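**Student:** Take a look at this one; I'll ask things after.
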């Protein structure tokens, strides 16, 4: 018999068995992530190097270097937050412990994959070092990392920290994924694009999990639930650092995208996240990319089918859809 949300929100009595499961919505996301395990060896980057040398102009190269400069350190910071903070902070729910053990493993795969992308494409040692040290050497990425480190501070309320890291995976990452999907439409750098499809599906699961966990934590201690004003502040902070990154690091105009449109896409995904967290819309903007009404989200079919799952639109807000596929 399924427990009410109020019963699910209560702390577990310490036990070390997998069953019984009390929180189906959390364990289902654990199963989703587990079923989508992959490793960098599953991605063929051989053609990418040739594309880089013969089909990518300097603008495209600068664009990809900007994306890698963000992604290479970001997943490592997420992993540190899970290992040092969230695994312990949410250990009252064994399903959360199971999920975070799986997520931390996948975040390490992401970090390895992005570093391998950089090594496969870029032969200049100075450029590689700049990518590896971007959180120190690139101001816009330093601002993003400062946002992440700020909300790793355990003196801050746990629900606020869950919102902030849902922003990392559900807002900061998704605008970069949209940029990569634009590259996919050019039919170049197919290995890089395929890896990003895999990673985007993982990050969507992580975002959905954060939202489900947030709901339980909010019921467990309703006094700790951030006000709508406070939730808006955290989300707007994430949106602002991401828009600065788009303008300063991703020269999207150089490859035919508009930074204004990508910024609106960021706001659109922010409203979607707020909706999942149970708050109202902050920006009320339309998705500016008709071709990006869909992006990689988790599907529940065979992971290695050549499909990606998608965002879909509703009348109310740009929403996550975990079951649709191309």
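Please treat every number below as a calculation from the coordinates, not as lab data. For clarity, every value in this text was computed on a predicted model and none was experimentally measured. No Cβ is skipped: glycine too gets one built from the backbone with ideal geometry, and neighbour counts run over all protein chains shown.
**Student:** As I understand it, the value is the acute angle between the Cα axis of helix 190-220 and the longest principal axis of the Cα atoms of the chain; what does it come to in degrees, rounded to 10?
**Tutor:** 20
**Student:** Using label points projected 7 Å from each Cα along Cα→Cβ, tell me how many nm separate residue 219 and residue 150, to one decimal.
**Tutor:** 3.1
**Student:** Which order results if 112, 229, 212 are arranged by neighbouring Cβ count within 10 Å, fewest first?
**Tutor:** Ranking 112, 229, 212 by Cβ neighbours within 10 Å, fewest first, gives 229, 112, 212.
**Student:** What do the square roots of 5 times the Cα gyration tensor eigenvalues come to for segment 26-325, in whole Å, largest first, as semi-axes of the equivalent ellipsoid?
**Tutor:** 29, 20, 20
**Student:** As a footprinting exposure proxy, order 174, 127 by other Cβ within 10 Å, with the fewest listed first.
**Tutor:** Ordered by Cβ neighbours within 10 Å, fewest first: 127, 174.
**Student:** Here is a follow-up. Looking at the chain as a GNM with Cα springs under 10 Å, which of 115, 134, 227 has the largest mean-square fluctuation?
**Tutor:** Of 115, 134, 227, the Gaussian network model singles out 227 as fluctuating most.
**Student:** Considering only 79, 54, 90, give the residue with the highest GNM mean-square fluctuation for the chain, with springs between Cα atoms whenever their separation is below 10 Å.
**Tutor:** Greatest mean-square fluctuation among the candidates belongs to 54.
**Student:** Moving to a separate point now. Can you give the calculated 222 nm mean residue ellipticity of the chain, where each DSSP H run of n ≥ 4 adds -39,500 (n - 2.57) and the sum is split over every residue, rounded to the nearest 500 deg cm²/dmol?
**Tutor:** Counting only the DSSP helices, I get -19500 deg cm²/dmol.
**Student:** Under a 10 Å cutoff between Cα atoms, tell me which one of 172, 116, 274 has the largest fluctuation in the Gaussian network model of the chain.
**Tutor:** Evaluated over the chain, the most mobile residue of the options is 116.
**Student:** Determine, for 185, 61, the number of other Cβ atoms within 10 Å of each Cβ, and report the residues in order from fewest to most.
**Tutor:** 185, 61
**Student:** Given R₀ = 35 Å, FRET efficiency for residue 259-residue 31 by Cβ-Cβ distance, to 0.05?
**Tutor:** Computed FRET efficiency for residue 259 and residue 31: 0.35.
**Student:** Going by alpha carbons, how many degrees (0 to 90, nearest 10) lie between the helix axis of 94-121 and the longest principal axis of the chain?
**Tutor:** So the helix axis and the longest Cα principal axis differ by about 10 degrees.
**Student:** Sequence gap at least 6, Cα distance under 8 Å: using those rules, report the relative contact order of the chain to the nearest whole percent.
**Tutor:** That works out to 20 percent.
**Student:** Here's a follow-up. Can you tell me the order of 39-45, 142-148 when each peptide is scored by its average per-residue count of other Cβ atoms within 10 angstrom, highest first?
**Tutor:** 142-148, 39-45
**Student:** Helix 58-81 versus the longest principal axis of the chain: what is the Cα-based angle in degrees, 0 to 90, to the nearest 10?
**Tutor:** Approximately 20 degrees, to the nearest 10.
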